[in-house]
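J.: Encoded as structure tokens, here's the structure I'll be asking about.
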């Protein structure tokens with residue numbers, strides 16, 4: 001599985017995809033739900049702006065040499081995945097590109113808190129809610145990442 | 001180089017822009033509905049069309065021309081494609097994504113409503129009007145190699 005580019009994507013590219021990328025790279029331990037401080041220490045966590053949507057953010061190399069990225073695709077994640085797959089073919093890029101949707105791991109607290117914090121800009125109100133939601137969604141994200149690592153999701 | 005004309009909600013405008021690019025439409029006279037109906041992929045889009053790149057042809061300089069559509073968020077598509085080229089270390093000039101959006105997005109909804117009501121002729125008529133109204137704008141957007149050559153040497 002080495003040499004792949006693995007892209008975790010969600011709506012804003014700031015909560016679930018960032019957390020999944022951190023789990024993948026071992027920055028967060030899968031067996032322990034991270035504290036609020038640990039989540040806030042992640043690059044981009046609850047910090048992305050709408051101008052950053054569509055930007056692929058490189059997080060690092062995993063132990064197998066795969067490049068790990070996150071991106072926010074708003075509500076066109078599926079279309080983005082298809083476009084990127086086709087563009088990759090057109091430009092003749094050899095390395096495999098895996099596009100992983102993390103949105104289905106997102107719970108109501110993450111959506112609601114994320115909306116208040118990122119969209120409305122009320123960070124003090126939204127951030128605690130989205131942090132709590134991310135902690136609750138953490139086991140699902142761990143499961144998703146493990147599936148990707150085992151090659152079950154491709 | 002590759003050109004991707006990107007529509008919102010349907011393929012009407014990108015199809016016309018691609019036809020202009022490939023000199024398949026006379027730019028001196030706005031096309032009538034019959035001419036537009038002859039344009040490849042001048043049609044509404046289905047769910048599967050979103051993000052699907054349709055090859056239309058090669059221009060005189062050998063550049064490939066494609067059309068696709070998404071339900072919205074064209075800025076995300078433009079950024080994500082540029083970002084992808086960046087991570088593959090390919091010039092961002094290699095793929096140019098050109099959004100072709102109507103000034104009034106409600107027209108897309110009207111076309112969709114007409115189609116759902118079974119009024120496909122009326123839908124095509126509205127789409128033809130839309131393409132006619134946007135024709136000057138699409139000429140500006142479409143990259144016509146012959147014109148570039150002339151302006152470059154003149």
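J.: Between helix B:12-21 and chain B, what is the angle of the helix's C-alpha long axis to the longest principal axis, kept within 0 to 90° and rounded to the nearest 10?
T.: It is inclined by approximately 40 degrees.
J.: Further question on the same structure: Is the stretch B:2-153 rounded, prolate or oblate when judged by the Cα gyration tensor, a ≥ b ≥ c being the square roots of its eigenvalues, rounded requiring a/c under 1.5 and prolate requiring a/b larger than b/c?
T.: Oblate, since a/c reaches 1.5 and b/c is not below a/b.
J.: For n ≥ 4 DSSP H runs only, could you compute -39500 (n - 2.57) per run for chain B, divide by its residues and tell me the 222 nm figure to the nearest 500?
T.: Computed mean residue ellipticity for chain B: -13500 deg cm²/dmol.
J.: So for chain A, averaging the separation of alpha carbon pairs under 8 Å that are six or more residues apart and normalising by length, what relative contact order in percent results?
T.: For chain A, the relative contact order is 33 percent.
J.: For the stretch B:2-153, calculate the relative contact order in percent as a whole number, restricting contacts to Cα pairs under 8 Å that are 6 or more residues apart.
T.: 35
J.: Calculate the spin-label point distance for residue B:24 paired with residue B:82, positioning each point 7 Å from the Cα along the beta-carbon direction, and give it in nanometres.
T.: Going from the residue B:82 label point to the residue B:24 one covers 2.9 nm.
J.: Counting only helical runs of four or more DSSP H residues, what would the 222 nm mean residue ellipticity of chain A come to if each run contributes -39,500 (n - 2.57) and the total is spread over all its residues?
T.: Only helices count here, giving -13000 deg cm²/dmol.
J.: OK, next. Compute the acute angle (0 to 90°) between the alpha-carbon long axis of helix B:74-87 and the principal axis of greatest extent of the alpha-carbon atoms of chain B; round to the nearest 10°.
T.: Value to nearest ten degrees: 30.
J.: Taking Cα centroids, how far is the stretch A:95-149 from the stretch A:9-43 in Å?
T.: Using only Cα atoms to place each centre, the spacing works out to 9 Å.
J.: Then there's this: Report, to the nearest 10°, how far helix B:120-133 tilts away from the longest principal axis of the Cα atoms in chain B, using its own Cα long axis and a range of 0 to 90°.
T.: 40
J.: For chain B, modelled as a Gaussian network with Cα springs under 10 Å, which listed residue fluctuates most, B:72, B:62, B:132?
T.: B:62
J.: Which three numbers, in whole Å and largest first, are the semi-axes of the equivalent ellipsoid of the protein assembly as shown derived from its Cα gyration tensor as √(5λ)?
T.: 40, 22, 16
Since every read-out is calculated from the coordinates, none of them should be taken as a lab result. Worth saying up front: this structure is predicted, and the values here are computed from it rather than measured. No Cβ is skipped: glycine too gets one built from the backbone with ideal geometry, and neighbour counts run over all protein chains shown.
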